[in-house]
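All remarks here apply to the structure that follows.
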Amino acid sequence: MENQITRKELCDKFGYSLTTISRDLRAMRANNEFKKYIQKTGHRTVRVDLEGYRKFLDFKEQQYKKAL
């Protein structure tokens, strides 16, 4: 997990709001497959593996398509 970025950097990179990123991170922590991509280093400091977040977005899209 060498490509870790902050929540704010995720907002800038993907164009999502901080609320959306926080909601996604909450869902990632609840999923055993994706919680390994999140590293909490302080009270408010969270680092996220960029590739892991992309995998989560793909997973989320697949779940959405299944629900249709």
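Summary table
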quantity: Residue in the range 19-26 that is β-branched (Val, Ile, Thr) and in contact (Cβ under 8 Å) with a residue 12 or more places away in the chain present; calculated: yes
quantity: Qualifying positions in the range 19-47 - hydrophobic (A, V, I, L, M, F, W, C) and either over 16 Å from Leu57 (Cα atoms) or at pLDDT below 95 (or both); calculated: Val46
quantity: The range 15-32 - residue that is in contact with a helix residue (DSSP H, G or I) (Cβ under 8 Å, 6 or more places away or on another chain) and charged (D, E, K, R) and, of those, nearest to Ile5 (Cα to Cα); calculated: Asp24
quantity: Condition check for Tyr64: modelled with pLDDT of 95 or more and surrounded by 15 or more Cβ atoms within 10 Å (Cβ to Cβ); calculated: no
quantity: Helices (runs of 4 or more DSSP H) contained in the chain and holding at least 1 residues of a type in the set (Val, Ile, Thr) and more than 11 Å from the chain's Cα centre (by Cα); calculated: 18-30
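The values are calculated or read from the model by the stated rules, or taken from the named source; none is laboratory data. It should be emphasised that the depicted structure is a prediction, and the values quoted were computed from it without experimental measurement. We place every Cβ from the backbone using ideal geometry, glycine too, and count neighbours over all the protein chains shown.
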